[in-house]
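Okay, so here's the structure we're looking at.
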Amino acid sequence: MAEVHKPPEKFTLRLRRYDPESGNAPYWDEHTVELEPHRSVLEAVLQAKDRFDGSIGIRCSCRQAICGSCGVRVNGEPALACHTHLDAAKAGAKEGVIEIEPMGNMPVLKDLIVDMDAVHWKKIQRVTPWLLAKQPVPEREYIVSKESMVDVTQTMACIQCGACVSDCLAMEVDPGFIGPAALAKAYRFVGDPRDAEPYERLNDLAQDPQGIFDCTHCFKCVQACPKDVNPMGQIMRLRRIATQDHHIVDQNNGERHEEAFATLIKNNGLLWEAELLPRSYGGNSWFGKFAPPAGKELLSSLPSIVKALLRRKVTPMGVFKPHKIPSQDLKAVQSIYDKIESRPERYELNLYIVGEDETGAPATASPEGSVSA
Ligand code: SF4
Ligand code: SF4
Ligand code: FES
């Protein structure tokens, strides 16, 4: 049956305008366009550009969510302009006005166009984004298992739109962080059995203070990605392979930090914040705080500790005692650890692929992309 579209409606757009060369400050500009509600935000901006102001800057090409060039923020959230319907954008808009801004974490070149070369592509280059083929190269082709390809297909779906980079909280604080898109790209090769240097890649990204351990696990990139690449999930996989399979101990204490985090929750059911820092630096036991590196780090963290105390994020008693939870809850938490730790090998389940399994039951794509234990 042919799809029935609603008649054209009026949509008001609020565009963030900025031309660094003009010397003027950024400002907001409003235009009302008329389009069918199923049309995209990109079409609306192009209509405004066509009818009212030819100087509006926006980058686009394919108009069908493939080339990755129309990344913007719609109502404060990262989105592909060509993949966001006007009715949906209006439903999420304040007072019915659709707000469109350039992506974050990248310098604005003009209006809605950001400098992807300066940030996004520079970081992609950083991870050697090509296969370092295992030698000798076979006469015909490399044979790769289906499972291995399924595993990397998720990262291969990336269209390099930069939406994850735009929203990455770690990059906001530390612009030098390699970032979600580049690290997802790194997993694409680390997870590929044809690559000859997974250890070197992992060691490089683990030892880099702005590498895999710089991610704060905030989930923003997972929500932002229009292709369900699940960059954070790929970063966690890189960490697991680096620490558990290759036993890489990084100079950033990332591996020790994770160990300490997991142990504190296993022992107490909740995180014991005051113990986390010394154990991350001094070793994963109560005595960790007496190790010289932990003492040094504690001293340098004194201003943050005082702030946390003043804001009641930690209490003085919390330094000496962990949080307490009911014993049945603690047992429930510990049983999860027991179950996971008793498995003979790590279990990774990639749920990205859409299709049917042998029984004919549908297998669906998951925004989380993968689960593991
Ligand atoms: S999960 Fe990590 S990489 Fe993703 S947005 Fe948050 S800090 Fe950035
Ligand atoms: S991981 Fe997703 S959000 Fe990030 S660049 Fe690739 S497609 Fe865009
Ligand atoms: S124009 Fe290609 S992804 Fe939007």
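One table, with the values for the structure above:
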read-out	value
Pair list, Cβ under 6 Å, 6 or more apart: the range 146-160 residue under 14 Å from V190 (Cβ atoms), other residue of a type in the set (S, T, Y) and within 16 Å of ligand 1 (Cβ to nearest atom)	T155/Y187
Listing of strands (runs of 3 or more DSSP E) fully contained in the range 64-123 that carry 3 or more residues being within 16 Å of ligand 1 (Cβ to nearest atom) and within 17 Å of the chain's Cα centre (by Cα)	77-80
Lone unmet requirement of (1) away from ligand 1 (no atom under 16 Å from the Cβ); (2) among the basic types (K, R); (3) at pLDDT 95 or above for K146	(3)
Any chance K266 is charged (D, E, K, R) and closer than 26 Å to E172 by Cα	no
Qualifying position, being modelled with pLDDT under 95 and outside the structural domain of S301 (by TED's automatic domain parsing), among D250, D174, D204	D250
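A quick yes/no check of all residues on (1) at pLDDT below 85; (2) loosely packed, with under 12 Cβ neighbours inside 10 Å:
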{"site": "A294", "(1), (2)": "yes, no"}
{"site": "K313", "(1), (2)": "yes, no"}
{"site": "M317", "(1), (2)": "yes, yes"}
{"site": "L330", "(1), (2)": "no, no"}
{"site": "D338", "(1), (2)": "no, yes"}
{"site": "E341", "(1), (2)": "no, yes"}
{"site": "L351", "(1), (2)": "yes, no"}
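Residue-by-condition table, conditions (1) over 22 Å from I124 (Cβ atoms); (2) at pLDDT below 95; (3) not assigned by TED's automatic domain parsing to the domain that holds G288:
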| residue | (1), (2), (3) |
| --- | --- |
| I212 | no, no, yes |
| V222 | no, no, yes |
| R240 | yes, yes, yes |
| I265 | yes, no, no |
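The values are calculated or read from the model by the stated rules, or taken from the named source; none is laboratory data. Predicted, not measured: the structure shown is a model, and the values here were computed from it. All Cβ positions, glycine included, derive from the backbone under ideal geometry; neighbour counts span all protein chains shown.
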